[in-house]
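Presented below is the structure to which this report refers.
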């Protein structure tokens, strides 16, 4: 009896530890430099899956450097930010796509009005997967034709990161007026607007990474659903009951697929929509796998399996686009401009 009682206690403790470990996200770090850390910190704040963004110094020889030392250019350090994020909610690939849009990667001498190595750009990778993804993203950017000069941003092994002084943290919140004047006066905003116009948005968003990259980037469920045409469990997926305002994009390519303005409660346990946000991005195919003819839905650019379409939806279309959460990434309306989807802000005015 004593043995059975001890065994039951062990099983209970093990089960609780498993629940706890399941609920505690395994966080990772990403470190980027792109000139003034005030301006690199801001775009990553408040992204779904990002837990913290710290401004600081890295890449040099001086221990515990000060802002005065780094800005003088004698320490070898770069102004940088270190991001702590949940890879189950936002991938390193997605962080890279946001990063490349914040500065001029063809400038090796600094960043906009701030000159010197301490204001130059760099990606500091923390593991081999990040190294490979960073190299691929740099190659993709070089091949995109967006820039007519070489991409000079180096990709380096992460070193000790020293947080900057407290007054530099969340500077855009503490001193918003000065921050806005600085950004505009530096030429950064004008550069971003000129280079990353609508004509280039599809190059950034709508590409499908290699299968090798996807196996590393996606969770097992996301890969099974998008690449192997799997189906997740109803009522036990991320977005079936999501009521927040925003848009849903392909987890693989980032192409816009659906909007919360067309989402409805279908009672099926999966996210359901009356129509696509961008009909050209949703491809219909005949599916006869269950011995009955159904209409499968796939994304155009990512070729991701999304779900199926049915004729039992509400007005005005009478259609139900039944979609797997694992195929989607949700972008809240307040983050649309930050992530380059500002053309969809008008949906929520």
Just wondering, is there one or more residues in the range 43-55 that are without any contact (Cβ under 8 Å) to a residue 60 or more places away in the chain, assigned by TED's automatic domain parsing to the domain that holds residue 157, in a loop (DSSP other than H, G, I, E, B) and under 21 Å from residue 330 (Cβ atoms)?
-> yes
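For residue 146, indicate whether it is surrounded by 14 or more Cβ atoms within 10 Å (Cβ to Cβ), under 21 Å from the mean Cα position of the chain (by Cα), at pLDDT below 95 and over 23 Å from residue 49 (Cβ atoms). Step through it out loud before you land on a result.
Working: surrounded by 14 or more Cβ atoms within 10 Å (Cβ to Cβ): yes; under 21 Å from the mean Cα position of the chain (by Cα): yes; at pLDDT below 95: yes; over 23 Å from residue 49 (Cβ atoms): yes.
In short, yes.
I need the full set of residues from the range 290-319 which are in contact with a strand residue (DSSP E or B) (Cβ under 9 Å, 6 or more places away or on another chain) and assigned to a loop (DSSP other than H, G, I, E, B), in order please.
First, the residues of the range 290-319 that are in contact with a strand residue (DSSP E or B) (Cβ under 9 Å, 6 or more places away or on another chain): 293-314, 319.
Those that are in contact with a strand residue (DSSP E or B) (Cβ under 9 Å, 6 or more places away or on another chain) and assigned to a loop (DSSP other than H, G, I, E, B): 293, 300, 301, 302, 303, 304, 311, 312, 313, 314, 319.
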Of the residues in the range 63-101, those that are under 30 Å from residue 211 (Cβ atoms), in contact with a helix residue (DSSP H, G or I) (Cβ under 6 Å, 6 or more places away or on another chain) and outside any helix (DSSP H, G or I) number 2
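For (1) surrounded by fewer than 20 Cβ atoms within 10 Å (Cβ to Cβ); (2) outside the structural domain of residue 218 (by TED's automatic domain parsing); (3) closer than 20 Å to residue 194 by Cβ, each residue gets a yes or a no:
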site	(1), (2), (3)
91	no, yes, no
97	yes, yes, yes
116	yes, yes, no
134	no, yes, no
Got a sec? Which of 243, 338 is over 20 Å from residue 209 (Cα atoms) and either in the same structural domain as residue 192 (by TED's automatic domain parsing) or at pLDDT 90 or above (or both)?
-> 243
Restricting attention to the range 102-121, which residues are part of a strand (DSSP E or B) and within 14 Å of residue 153 (Cα to Cα)?
-> 110, 111, 121
Going through the range 214-248 one residue at a time, which ones are crowded, with 19+ Cβ neighbours inside 10 Å, within 20 Å of the chain's Cα centre (by Cα) and not in a helix (DSSP H, G or I)?
-> 218, 237, 239, 246, 247, 248
Starting from the range 123-138, take each residue that is in a helix (DSSP H, G or I) and list its partners that are modelled with pLDDT under 95, counting only C-beta distances under 6 angstrom and pairs at least six apart or across chains.
-> 129/216; 130/92; 133/92; 133/93; 137/96
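The values are calculated or read from the model by the stated rules, or taken from the named source; none is laboratory data. What you see is a predicted model, and the numbers here were worked out from it, not measured in a lab. All Cβ positions, even for glycine, are placed from backbone atoms using ideal geometry, and neighbour counts span all protein chains on display.
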